[in-house]
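Visitor: Structure provided below as structure tokens; questions to follow.
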Amino acid sequence: MRAIRGLWRWRRNPLCRATDLAEAWVALAALVLILLAAPVAGSLVGNAAQDALQRSVREQHEARHKVTATVVRKLDRSPLDADPEVSTGRDVRSRVLADWTAPDGTAHQGPVLASLKDPRQGDRFPIWTDRHGRMVTRPLDPATASTHAVLAGLGAALLAVGLVEGGRRLIVWRMVRRRYARWDQAWDKAGPDWGRTGTGS
């Protein structure tokens with residue numbers, strides 16, 4: 001918005017100083033950079049993030065397997081058992097001792113969090129493991145990866161806008177400082193008796 005206000009100084013005005021015109025040029029350059037750099041930065045970062053995240057999604061889906069586990073018995077619940085992948089606090093997770101067979105055919109048993117409200121011996125539920133049957137978190141899904149990529153692109157675009165606006169403000173601040181320094185020099189030349197009668201001015 002300040003860039004647009006800076007452009008208003010271009011109008012013909014006998015009081016318009018060279019510094020006002022320079023500030024207007026800086027404002028125009030900042031506006032053009034914001035309109036060009038922000039979308040380009042957002043697009044480049046978003047596309048790079050999308051490629052990296054979708055590659056990660058494919059690798060995770062190749063390396064992680066969904067298998068069926070069978071409840072052996074229920075275990076006491078620990079407050080440290082909260083699943084960070086669970087979307088809401090209302091999702092019920094029970095800690096159980098379970099048996100499962102890995103994709104390579106080996107049998108495993110261990111404590112796991114089951115998505116069962118009231119687990120009983122023999123109940124079956126899905127879990128994610130690697131090829132050897134070790135427990136892993138579920139793989140990232142493509143939609144979530146795309147959402148993260150979009151957010152990365154928006155963040156990069158906002159960062160580009162912030163950098164351009166910060167640069168514009170720094171340049172204008174230095175121009176104003178220089179203008180004030182010139183005013184101080186002009187006042188010093190006028191002398192401390194400026195405006196007094198009989199001092200020759």
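The values are calculated or read from the model by the stated rules, or taken from the named source; none is laboratory data. Since the structure is predicted, the reported quantities are computational estimates derived from the model, not experimental observations. Here Cβ is always computed from backbone atoms with ideal geometry, including for glycine, and neighbour counts include all displayed protein chains. SASA here: full protein model, heavy atoms, side chains in, ligands and nucleic acids out. Shrake-Rupley method; radii C 1.70, N 1.55, O 1.52, S 1.80 Å.
Visitor: Give me the pairs: first residue in region 169-188 and farther than 14 Å from Val26 by Cβ, second residue of a type outside the set (D, E, K, R), beta-carbon distance under 8 Å, and six or more apart or on different chains, which are they?
Guide: Matching pairs, first to second residue: Trp187/Trp194.
Visitor: Name the pairs: first residue in region 107-126 and within 10 Å of Lys74 (Cβ to Cβ), second residue outside any loop (DSSP other than H, G, I, E, B) and open to solvent by 30 Å² or more (accessible area, probe 1.4 Å), Cβ to Cβ under 7 Å, at least 6 apart or on different chains?
Guide: Sorted first by the residue in region 107-126, then by its partner, the pairs are Pro119/Lys74; Gln121/Val72; Gln121/Arg73.
Visitor: Quick test of your reading of the structure: Asp99 fulfils all but one of (1) open to solvent by less than 70 Å² (accessible area, probe 1.4 Å); (2) in a loop (DSSP other than H, G, I, E, B); (3) in contact (Cβ under 8 Å) with a residue 12 or more places away in the chain. Name the failing condition by number.
Guide: The failed condition is (2).
Visitor: Any idea which of Ala156, Ala143 is small (Gly, Ala, Ser) and surrounded by 12 or more Cβ atoms within 10 Å (Cβ to Cβ)?
Guide: Ala156
Visitor: Is it the case that Trp183 is closer than 30 Å to Pro103 by Cα and either in a helix (DSSP H, G or I) or at pLDDT 90 or above (or both)? Spell out the reasoning first.
Guide: Details: closer than 30 Å to Pro103 by Cα: no; either in a helix (DSSP H, G or I) or at pLDDT 90 or above (or both): yes.
The answer is no for Trp183.
Visitor: Checking the condition open to solvent by 80 Å² or more (accessible area, probe 1.4 Å), more than 30 Å from Leu36 (Cβ to Cβ), assigned to a strand (DSSP E or B) and of a type outside the set (Gly, Ala, Ser), which residue from Gln121, Gln109 passes?
Guide: Step by step, each of Gln121, Gln109 is checked, and only Gln109 is open to solvent by 80 Å² or more (accessible area, probe 1.4 Å), more than 30 Å from Leu36 (Cβ to Cβ), assigned to a strand (DSSP E or B) and of a type outside the set (Gly, Ala, Ser).
Visitor: Which of the residues belonging to region 29-72 are polar (S, T, N, Q) and touching a Leu at 6+ places or on another chain (Cβ under 9 Å)? Write out each step before concluding.
Guide: Initial filter on region 29-72 (polar (S, T, N, Q)): 43, 47, 50, 54, 56, 60, 68, 70.
Ser56, Gln60, listed by residue number.
Visitor: In this structure, does Leu170 turn out to be assigned to a helix (DSSP H, G or I) and surrounded by 12 or more Cβ atoms within 10 Å (Cβ to Cβ)?
Guide: Here the answer is no, as Leu170 does not meet what is asked.
Visitor: Please go through region 34-46 and pick out each residue that is open to solvent by 90 Å² or more (accessible area, probe 1.4 Å) and at pLDDT below 95.
Guide: Here is the first cut: in region 34-46, the residues open to solvent by 90 Å² or more (accessible area, probe 1.4 Å) are 35-36, 44.
If the condition is that a residue be open to solvent by 90 Å² or more (accessible area, probe 1.4 Å) and at pLDDT below 95, then Leu35, Leu36 are the ones that fit.
Visitor: Of all residues in region 72-117, which are at pLDDT below 85, farther than 18 Å from Trp128 by Cα and not aliphatic (A, V, I, L, M)?
Guide: Listed by number, the residues that qualify are Asp76, Arg77, Ser78, Pro79, Thr88, Gly89, Arg90, Lys117.
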